[in-house]
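For reference, the structure discussed in these notes is given below.
The values are calculated or read from the model by the stated rules, or taken from the named source; none is laboratory data. Keep in mind the model is a prediction, meaning the values are calculated, not measured. So basically every Cβ, Gly included, is an ideal-geometry build from the backbone, and we count neighbours across all protein chains shown. The area values use the complete protein model at the heavy-atom level, side chains included, leaving out ligands, DNA and RNA. Shrake-Rupley method; radii C 1.70, N 1.55, O 1.52, S 1.80 Å.
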Amino acid sequence: MAARGQDWADWVAALPRLTRAVTADWQLRPDGPATHGHCSLVMPVRTTAGAAAVVKVSFPDDESEHEHLALRRWAGDGAVRLLSADPHRRAVLLERLGTDDLSTLDDVAACEVVAGLYRRIHLPAMPQLRTLASYVERWVAELAALPRSAAIPHRLVEQALSTAADLTTDAPAGSVIHGDLHYGNVLAADREPWLVIDPKPVNGDPHYEIAPMLWNRFGELAGDVRDGVRRRFYTLVDAGGFDEERARAWVVVRMVLNAMWALRDETTADPAWLTTCIAVAKAVAD
């Protein structure tokens, strides 16, 4: 997701006032410099009891709408603990975790950690969440309209189109899935070694989760892309108890869709990212 346009500009302009209002309402005091991601602000705070926490305020889009529901459902089991939520303002109060993420481990060890976390957070579907299938159907329609001359191997496009149809036809509600679980979205903690943060939750097939662990930290695979991607893939599949063919199919679909979006957004197109998408898809598909 990339926020754009006037809505984004308005949100950024209103962010200082919004964060002041949230911290006042929850009777919090700032406790260090704020940080930010692509579409959120995170501010360290102390509660009235002196507990260390963080306030996260996110851009109001589909991805952030139900974050608090997933965190509440997980109840701190494998994930950061939700202390309070203001869904209207897309604000959550969270326990404060450490600053180290899974980039401090080698990639295969990190994949083993994430595979263990998958088993804990993939709980039965929640009626409030959107379905993965509803998104994929729309995305695949965009992919089908891609010109044959597009800079993505046509066999991969055809494979993604065919596979996505199989994966989403009469798809069950599935599980609550994180949607963007990668090395940077797992932080060190005191009460457990590692905890998940920043869900973009939907109801869907848990096999959808694997791809971000393959494309992130891609630069580390230079000179060993095919085998390196496959090492990560099989670690996640085996340790997570996934079906290999279904996991492979979702990786190809996600990487081809990423490549399509990279081509479509010509203003910020990154040739290196397009190459990464195609290389990961090929490594898993071949």
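Is one or more of the residues making up segment 184-192 touching a strand residue (DSSP E or B) at 6+ places or on another chain (Cβ under 9 Å) and assigned to a helix (DSSP H, G or I)?
yes
When only residues in segment 119-170 that are assigned to a loop (DSSP other than H, G, I, E, B) and exposed (fewer than 11 other Cβ atoms within 10 Å of the Cβ) count, which is modelled with the lowest pLDDT?
Restricting attention to segment 119-170, the residues satisfying the condition of being assigned to a loop (DSSP other than H, G, I, E, B) are 122-123, 125-130, 145-153, 169-170.
Subsequent filtering for residues that are exposed (fewer than 11 other Cβ atoms within 10 Å of the Cβ) retains 127, 145, 147-149, 169-170.
Working: P127: 95, A145: 94, P147: 92, R148: 92, S149: 92, T169: 79, D170: 66.
Looking at the filtered set, the residue picked out is D170.
Which one of these is open to solvent by less than 40 Å² (accessible area, probe 1.4 Å) and in contact with a helix residue (DSSP H, G or I) (Cβ under 9 Å, 6 or more places away or on another chain): V54, V45?
Just one listed residue meets the conditions, V45.
Within segment 66-83, is even one residue surrounded by 17 or more Cβ atoms within 10 Å (Cβ to Cβ) and farther than 25 Å from G116 by Cβ?
Within segment 66-83, not a single residue is surrounded by 17 or more Cβ atoms within 10 Å (Cβ to Cβ) and farther than 25 Å from G116 by Cβ.
Taking the options A239, A247, A272, name whichever one is farther than 23 Å from G204 by Cβ and either part of a loop (DSSP other than H, G, I, E, B) or not basic (K, R) (or both). So that I can check it myself, show each step before the final result.
On the way: A239 fails: farther than 23 Å from G204 by Cβ; A247 fails: farther than 23 Å from G204 by Cβ.
Just one listed residue meets the conditions, A272.
Any residue that is farther than 19 Å from L236 by Cβ, modelled with pLDDT of 95 or more and not in a helix (DSSP H, G or I) - is there at least one of those in segment 208-215?
First, the residues of segment 208-215 that are farther than 19 Å from L236 by Cβ: none.
Checked segment 208-215: no residue is farther than 19 Å from L236 by Cβ, modelled with pLDDT of 95 or more and not in a helix (DSSP H, G or I).
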